[in-house]
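The values are calculated or read from the model by the stated rules, or taken from the named source; none is laboratory data. Quick caveat, the model's predicted, so the values are computed rather than measured. Because the Cβ atoms are built from the backbone with ideal geometry, glycine has one as well, and the counts that use them run over all protein chains shown. Side chains included, ligands, DNA and RNA excluded: accessible areas come from the protein's heavy atoms. Shrake-Rupley method; radii C 1.70, N 1.55, O 1.52, S 1.80 Å.
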Amino acid sequence: MPQRAHHRTNNFDALRMMAALLVIWSHQFALMGQSTPLFFGNEPGAAGVVMFFAISGYLVSKSWVADPNVRRFAMRRALRIWPGLTVVVLLAVLVLGPLLTELPFAAYLDHHETRQHLGNLILSTHTSLPGVFVSNPHPGSVNGPLWTIPLEVGCYAGLAVLGAMGVMRWRWAPLGVFLLLTAWLQWRYRGPTFPQWSFALQYAIVFSLGAALAQGEHFWRPRPWTSALIFLVACGVLLQWGTPILGGQAPLWALGALAVIWGSCSTPGFASAGRFGDFSYGLYIYGFPVQQLVIWSFANQLSFSNAFTLSVLGALSLAVMSWHWVEKPALRWKPRKPTAP
């Protein structure tokens, strides 16, 4: 009952699907050896990941506030991430790899990259398998998007730590985290380049902004247009600050996060998109290997549109099966908040 009501009152399911398709579309260029069009200096897939992290920050923050219990919170998050992740990793290692590798089967099983790929199950990201897709324009890589999963889990852990410390009782705590992280990165790195790890911090900042929008919902929900104007002014101030916060993209990413949350909650549209299931996670984790498989199967001779269409259809089919056979059954084990006597 609550799940159905959720679908009727917002567009989050539709936007997550759009984000997953945006990531797949963006990857299609690079995987076929073509130059990827840029959107405000970034690949379109980055915007899709921003959408995911903003929505996640919003919904996960509300989940914590509704039931601020670390054990139940951790179990809910684990049941959302690991069942689907486990299946896609095992399928890659035990089915895709043995069928497509150019190595002898015994050598494949004994290869260090095979063991490293299993490390994705414990959030040690490794995207390739030995001898697989080596002739593709983007050789070796089996599932590039898996690198974001540890970042997502890290955001969950950070929110749980703040919640356990009692910080989340303060309504404006996520906004404070967003401002502190942004200001710290701004102060620490003023040059045109940033260290590799700071790229991960960008998504944590977007997650914290989504959480801030959830916690400040009492302010902006009754007055969406006024709050949107205030946010636009704040982003203008950031742009005029003049130094490269998050590589110069922080204001744009912040605007994108605001648009995703505000649009989902405040506008009519595709509120029933999730009535058949939430296929966005499956699309996200299966899209890349299906794209590589399509390119490998046709020796990269298909047109972009045909390759993209086949990839989406294949990934969507796997996503539907993942939802109904893996993710949804696992979610039935989510712990419930005890009812008051």
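On the basis of being closer than 30 Å to Met165 by Cβ and either assigned to a loop (DSSP other than H, G, I, E, B) or open to solvent by less than 60 Å² (accessible area, probe 1.4 Å) (or both), does Leu96 make the cut? In short, no.
Name the residues in the stretch 154-170 that are surrounded by 15 or more Cβ atoms within 10 Å (Cβ to Cβ) and in a loop (DSSP other than H, G, I, E, B), would you? Passing the criteria: none in range. Within the stretch 295-310, residues that are under 14 Å from Gly33 (Cα atoms) reach partners that are of a type in the set (Val, Ile, Thr) and surrounded by 12 or more Cβ atoms within 10 Å (Cβ to Cβ) with beta carbons closer than 7 Å, at six or more positions or on different chains, in the pairs Ala307/Val294; Ala307/Ile295.
Can you run down the residue pairs with Cβ atoms below 8 Å, 6 or more apart or on separate chains, where the first is in the stretch 210-237 and over 23 Å from Phe52 (Cβ atoms) and the partner is part of a loop (DSSP other than H, G, I, E, B) and at pLDDT 70 or above? Close Cβ pairs (under 8 Å, with a partner that is part of a loop (DSSP other than H, G, I, E, B) and at pLDDT 70 or above) amount to His218/Arg171.
Select from the stretch 257-294 the residues that are at pLDDT below 90 and small (Gly, Ala, Ser) and list them in ascending order. Steps first, answer last, please.
First, pick out the residues of the stretch 257-294 that are at pLDDT below 90: 257-278.
Correct list: Ala257, Ala259, Gly263, Ser264, Ser266, Gly269, Ala271, Ser272, Ala273, Gly274, Gly277.
Taking each residue of the stretch 150-175 that is on the phi < 0 side of the Ramachandran plot and among the aliphatic types (A, V, I, L, M) and looking for partners that are open to solvent by 30 Å² or more (accessible area, probe 1.4 Å) and not in a loop (DSSP other than H, G, I, E, B) with beta-carbon atoms closer than 6 Å, six or more apart or interchain, yields Leu151/Ala200; Ala160/Val70; Ala164/Val70; Met168/Leu162; Ala173/Val167. Cβ-Cβ contacts under 8 Å between residues 6 or more apart (or on different chains), taken from a first residue in the stretch 31-60 that is at positive phi and among the hydrophobic types (A, V, I, L, M, F, W, C) to a second residue that is assigned to a helix (DSSP H, G or I) and surrounded by fewer than 21 Cβ atoms within 10 Å (Cβ to Cβ), are listed as Phe40/Leu252.
Would you check if there is a residue in the stretch 225-242 being within 15 Å of Ala20 (Cα to Cα), open to solvent by less than 40 Å² (accessible area, probe 1.4 Å) and modelled with pLDDT of 65 or more?
As a first pass, look at the stretch 225-242 and keep what is within 15 Å of Ala20 (Cα to Cα): none.
No, every residue in the stretch 225-242 fails to be within 15 Å of Ala20 (Cα to Cα), open to solvent by less than 40 Å² (accessible area, probe 1.4 Å) and modelled with pLDDT of 65 or more.
Table: residues versus (1) within 14 Å of Glu152 (Cβ to Cβ); (2) open to solvent by 30 Å² or more (accessible area, probe 1.4 Å); (3) assigned to a helix (DSSP H, G or I); (4) at pLDDT 90 or above.
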site: Gly33; (1), (2), (3), (4): no, yes, no, yes
site: Pro37; (1), (2), (3), (4): no, yes, no, no
site: Ala46; (1), (2), (3), (4): no, no, yes, no
site: Val50; (1), (2), (3), (4): yes, no, yes, no
site: Ser56; (1), (2), (3), (4): yes, no, yes, yes
site: Ser61; (1), (2), (3), (4): yes, no, yes, yes
site: Val65; (1), (2), (3), (4): no, yes, yes, yes
site: Pro68; (1), (2), (3), (4): no, yes, no, yes
site: Arg76; (1), (2), (3), (4): yes, no, yes, yes
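Annotation for the stretch 81-91: no member residue is buried (at least 19 other Cβ atoms within 10 Å of the Cβ) and over 23 Å from the mean Cα position of the chain (by Cα). Pull up the stretch 290-309, narrow it to residues that are out of contact with any Ser or Thr (no Cβ under 9 Å at 6 or more places or on another chain) and in a helix (DSSP H, G or I), then point me to the one that is nearest to Ser135 (Cα to Cα). So, considering only residues that are out of contact with any Ser or Thr (no Cβ under 9 Å at 6 or more places or on another chain) and in a helix (DSSP H, G or I), the one nearest to Ser135 (Cα to Cα) is Ser297.
Scanning the stretch 8-31 for residues that are open to solvent by less than 20 Å² (accessible area, probe 1.4 Å) and among the small types (Gly, Ala, Ser) gives Ala14, Ala19, Ala20, Ser26. One residue stands out among those in the stretch 99-121 that are part of a helix (DSSP H, G or I), more than 30 Å from Leu59 (Cα to Cα) and of a type in the set (S, T, N, Q): the one that is most open to solvent (accessible area, probe 1.4 Å), which is Gln116. Answer yes if at least one residue in the stretch 122-140 is open to solvent by 20 Å² or more (accessible area, probe 1.4 Å), without any contact (Cβ under 8 Å) to a residue 60 or more places away in the chain, assigned to a helix (DSSP H, G or I) and of a type outside the set (Gly, Ala, Ser), and no otherwise. Looking for residues that are open to solvent by 20 Å² or more (accessible area, probe 1.4 Å), without any contact (Cβ under 8 Å) to a residue 60 or more places away in the chain, assigned to a helix (DSSP H, G or I) and of a type outside the set (Gly, Ala, Ser), one finds at least one in the stretch 122-140, hence yes.
In the stretch 61-77, the qualifying residues are those that are touching a helix residue (DSSP H, G or I) at 6+ places or on another chain (Cβ under 8 Å) and of a type in the set (A, V, I, L, M), and the one that is nearest to Gly216 (Cα to Cα) is Val65.
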